[in-house]
Amino acid sequence: FDIITMFGAIEHVSNPGVILKQIYRLLRPGGLLYMDTPNFNSLTRFILGSKWRVFHLEHSCYFTAACIMDLLKKIGFSNVHVKSGNLSIIEMKSNLFIHSGGVKDVQDKEQVLRRRIEDSVFLRLSKHLCNMFLDFLKAGDTLYIYAEK
């Protein structure tokens, strides 16, 4: 394959190293892997602790930028890049200050906030700057991983 993608999947497997080795085997030389996964070192997790909505039984493992980079390099991937971004302000607010109606309520509120951000040049710029800072610290809610065979 030229490209293999995994969106929100690697955290659901019990032995990610085995899956990533298979992906490496399936990629042609120069082929690319792209995946994303929740970031265990996210600012949201540090603030919310055990209330972080990513903690649930469906996730078999959690990753930091450093551990996913190390794993991919040990398998043989090169040009491994990890970016980090996004922050769930609504999740933090609902867990710290307001006891909301649950995950669905948080997701609905996040959709409204996303639309407001997209409709405002100032808010889009603010979001971009925030994501640059989160990437610098590798503290965003999501890790975006690119690797080459």
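No lab work stands behind these numbers, since they all come straight from the coordinates. From a predicted model like this one, the values you see are computed outputs, not experimental measurements. With ideal geometry, Cβ positions are generated from the backbone for all residues, glycine too; neighbour counts draw on all protein chains shown.
The length gained by stretching the chain between Tyr34 and Phe7 to full extension, at 0.36 nm per residue less their Cα-Cα distance, is 8.9 nm. Backbone phi angles across the range 127-141, fed through the Karplus curve with coefficients 6.51, -1.76 and 1.60 (θ = phi - 60°), yield HN-Hα couplings of 5, 4, 5, 4, 5, 4, 5, 4, 5, 4, 8, 6, 10, x, 5 Hz in residue order; Gly and Pro are listed as x.
Extension gain, Leu26-Cys130: 0.36 nm per intervening residue step, less the Cα-Cα distance, totals 33.8 nm.
Applied to the range 113-119, the Karplus parametrisation 6.51 cos²θ - 1.76 cosθ + 1.60 on θ = phi - 60° returns per-residue 3J(HN,Hα) values of 4, 4, 4, 5, 5, 5, 7 Hz, with x for Gly and Pro.
In the chain, helical runs assigned H by DSSP with n ≥ 4 each contribute -39500 (n - 2.57); averaged across all residues and rounded to the nearest 500, the mean residue ellipticity at 222 nm is -14000 deg cm²/dmol.
In terms of its C-alpha gyration tensor, the chain comes out prolate, because a/c is 1.5 or above and the ratio a/b outweighs b/c. For the set Lys74/Lys149; Lys74/Lys138; Lys83/Lys109; Lys51/Lys83; Lys21/Lys73; Lys83/Lys138, the pairs lying more than 19 angstrom apart at their alpha carbons are Lys74/Lys138; Lys83/Lys109; Lys51/Lys83. The length gained by stretching the chain between Phe46 and Tyr146 to full extension, at 0.36 nm per residue less their Cα-Cα distance, is 33.5 nm.
Taking label positions 7 Å along the Cα-Cβ direction at both Asp108 and Lys74, the computed distance is 4.4 nm, reported to one decimal.
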